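Read-outs: derived from the displayed coordinates by stated rules, not from any lab. Because the structure is a prediction, the values reported are computed rather than measured. Note that we place each Cβ from the backbone using ideal geometry, even for glycine, and neighbour counts take in every protein chain shown.
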Amino acid sequence: MWKTIGKLLLYGIAILTLLPLILVATGSLMGSGELKSLISPVFGEGDGYAKWHFIPLYPTFKNIVELVLDTPEYYVLFWNSVKVVVCILIGQILFAVPAAWGFSQSKNKWSKFLFPIYIFCMLLPFQVTMLSQYLVLNSLSLINTHLSLILPMVFSTFPVFIIYQSFRQIPESVLDAARVDGAGNFQIFRYIGIPIGLQGILAAMVVGFLEYWNMVEQPIVFIKEKTKWLLSIYLPNINTDNAGVAFAYSFFSILPALLIFWFGRKLLEQGVMMQGELDNEK
Amino acid sequence: MKHKKKSESPEANRITGIVQWVKSQDIFLLFVIPSLLGMVVFLFVPLIDVFRRSFCQGVSNHFWGLKNYAIIFHNKSFILAVVNTLKFEVICLPLLLFVSLLVAVGVHNTKNSFVKYALLVPMAIPANSVAVIWKVLFEKHGIINEILTDIFHIKAINFLDSENAFLILVLTYLWKNIGYSMLIWMVGLSAIPNNIYEAASIDGAGSFVKFFKITLPNLKGSLYALSVLSFASSFRVFREAYLISGNYPNESIYLMQHLFNNWFQKLDIGKLAAASSVIAVFLFVVLACLKKLIFRERNSGRYKKSKGDEELYVENNR
């Protein structure tokens, strides 16, 4: 009895959580006439309240075609976002992976001192460093370029923490065995550390992708020209006539994140769970 | 080779000296240095710089003590933002911890991966799409009000542009973070070995007793991680608030970041620096307190392998 109720509750919560996504997906397949009849009250036209049905009466790809073919802004913003996110992730691999390896292997007092600072910086909200980051970026004349979004994020300490957790699980005996066989530190890193920690590295990338694809605070402060904006801060101007396109726009900005989410769901799970190890600091 | 070694200049000597010093240090720090340099430039120096500026007048380096702090604590917008942010945290964090714990226990026991991944989906939905959806759902004439008036015969509620906006913000935060929090609880849940529960069952413990005496005490690690992470992520709910209602939203959801953006546009550097420092110190204090509070009783922390299961069970039952 209790079990059935619990199960129903779980499913209820799950479906409620998915509802917004379903709304966007169905909305982007509806014709403009259908959408107009459903949600025009939202925009102060017509009486009563907006309605919805989850199976489009006349499903059409018109909105999606219109977005993909007739909306050049969408393209510009889409590629801006892709560029920024990919550059951040590549930079993080280059800098965070070695750093995580260093922290996981070092027993030096310096690393014991630095690691808590890394964790504190990981938790620091953007507000705190916004002003000074702006001044630093300004003095490097990077404001209003994509580098102003990429560089600070490359040195984010968050992936270091996640990857560190996966390196730490490598048993000491494996490393000792490699050392006895005469492997140097870089060899151990390259042939033992990276293959074993790969899961953790990929997990950090998946969590990072979802995070940076959704970046809002930085671009609204650091980027002034609209052509350099990201997909995540462009708000489709939704009104009765273009509601369909607005829905298609939303759907397409969710889609890349959703694909990464779906194919990387195991990694995402792992990446989040590694953050749960926060109590086992150095 | 030998010939080269003899003709070492003082310059080369110094270089070999440095190399030797580096070698005598922990080699692994070399791996950290590139990341450390960037971190110092983009995070650490800005953090220190903000502290310094909070004691200076405007853009200049003229020291004027605590005046910036006095100004912000007499500023109505600042007080409003602080009160809203605190209110948000006091309401949201316990709610999130509680709801996600229930869900985590449910998912952990049923191993239901549909529910697990469904709850993670919001992590993938960008805030601007949330803004579009929320508009259609929660506008004065939106879908939720249709349901309220049509089915429940309640008067329509103005969600987005009234005190209720706060409610929507809380809901958004829960929706976005429930899956994430659930996973972190599950880290703790899966670390509790099954044989403790079995031992307890033999001793005649019911499921409620087991939950309160075994499960909860062994979740301290997760509790700490989750409270810290949720506290840090609660500052990010601004994204949704901003994209739903712009720079000047309803007073009830006027948050820190709104204020910062508005000050930033006016280049109020002194105020910004002081407010940033207040947040940083506040964060630091809260983190330290959380750690003290949660790990107060050192012995009943996360399950340790070195301890006998029965011993641990007995200890938790005391």
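Pairs of Cα atoms nearer than 8 Å and 6+ residues apart set the relative contact order; for the range B:71-317 it is 28 percent. Dipole magnitude for chain B: about 1280 debye, using +1 per Lys or Arg Cβ and -1 per Asp or Glu Cβ, origin at the Cα centre. For peptide A:97-106, the mean count of partner chain Cβ atoms within 10 Å of a residue's Cβ comes to 6. Scanning chain A for chymotrypsin sites (Phe, Trp or Tyr not before Pro) in DSSP loops with at most 13 neighbouring Cβ atoms within 10 Å leaves A:62-282 as the longest stretch between them. With a/c under 1.5 counting as rounded, go ahead and sort chain B into rounded, prolate or oblate using the C-alpha gyration tensor (a ≥ b ≥ c being the square roots of the eigenvalues; past the cut-off, prolate if a/b is larger than b/c, else oblate). Verdict is oblate for chain B. Among B:ARG53, A:ARG179, sorting on how many other beta-carbon atoms sit within 10 Å of each Cβ, with the fewest leading, yields A:ARG179, B:ARG53. Note: relative contact order over chain A, using C-alpha pairs below 8 Å and six or more positions apart, is 29 percent. Backbone phi angles across the range A:149-157, fed through the Karplus curve with coefficients 6.51, -1.76 and 1.60 (θ = phi - 60°), yield HN-Hα couplings of 8, 6, 4, x, 6, 4, 9, 4, 8 Hz in residue order; Gly and Pro are listed as x.
Going from the fewest other Cβ atoms within 10 Å to the most, the residues B:VAL237, B:VAL281, B:VAL105 appear in the order B:VAL281, B:VAL105, B:VAL237. Working note: 222 nm ellipticity from helices only, DSSP H runs with n ≥ 4, each -39,500 (n - 2.57), summed and divided by the residues of chain B, gives -21500 deg cm²/dmol to the nearest 500. Within 10 Å of the Cβ of each residue in B:140-147, the mean number of Cβ atoms contributed by other protein chains is 6.
What the phi angles of the range B:35-51 give under the Karplus curve with 6.51, -1.76 and 1.60, with θ = phi - 60°, is a coupling list of 5, 4, 4, x, 4, 5, 5, 9, 10, 6, 4, x, 5, 5, 4, 4, 4 Hz, glycine and proline written as x. Evaluated with a Cβ-only charge set (Lys, Arg +1; Asp, Glu -1), the range A:29-162 carries a dipole of roughly 860 debye about its Cα centre, given to the nearest 20. With contacts taken as Cα pairs under 8 Å at a separation of at least 6 residues, the range A:2-60 carries a relative contact order of 34 percent.
The residue list A:LEU21, B:PHE235, B:MET123 was ranked by how far each Cα lies along the charge dipole of the protein assembly as shown toward its positive end, using unit charges on Cβ atoms, and B:PHE235 comes out on top. Can you grab the distance from the C-alpha centre of the range B:129-198 to the C-alpha centre of the range A:1-74, Å, no decimals? Spelled out, the Cα-based centre of one part sits 17 Å from the other. All Cα-Cα distances of the protein assembly as shown, cut into 10 Å bins from zero to the largest, leave 3, 14, 24, 25, 18, 10, 4, 1, 0, 0 percent in each bin in turn. Sequentially through the range A:69-76, phi angles give Karplus couplings (6.51, -1.76, 1.60; θ = phi - 60°) of 9, 9, 10, x, 4, 4, 4, 4 Hz, Gly and Pro residues having no value and appearing as x.
Where a ≥ b ≥ c are the square roots of the eigenvalues of the C-alpha gyration tensor, would you call the range A:2-60 rounded, which needs a/c under 1.5, or, failing that, prolate if a/b is larger than b/c, or oblate? Prolate is the answer for the range A:2-60, as a/c is 1.5 or above and a/b outweighs b/c.
For B:ILE33 and B:PHE114 in one chain, what is 0.36 nm times their gap in residues minus the Cα-Cα distance, to one decimal in nm?
24.9 nm
For the residue pairs A:LYS83/B:LYS271; A:LYS51/A:LYS83; B:LYS76/B:LYS155; A:LYS226/A:LYS266; A:LYS83/A:LYS224, the C-alpha atoms sit more than 27 angstrom apart in A:LYS83/B:LYS271; A:LYS51/A:LYS83; B:LYS76/B:LYS155; A:LYS226/A:LYS266.
Peptide B:266-273 shows a mean partner chain C-beta count of 2 within 10 Å per residue C-beta. Taking amide hydrogens as placed 1.01 Å from N in the peptide plane, the amide H of B:CYS56 sits under 5 Å from those of B:TRP64, each at least 5 positions away in sequence or on another chain.
Projecting the Cα atoms of A:TRP229, B:SER222, B:CYS289 onto the charge dipole of the protein assembly as shown (Cβ charges, centred on the Cα centre) puts B:CYS289 farthest toward the positive pole. Look at B:THR16, A:THR157, B:THR85 and count the other Cβ atoms within 10 Å of each Cβ; fewest to most, that gives B:THR16, B:THR85, A:THR157.
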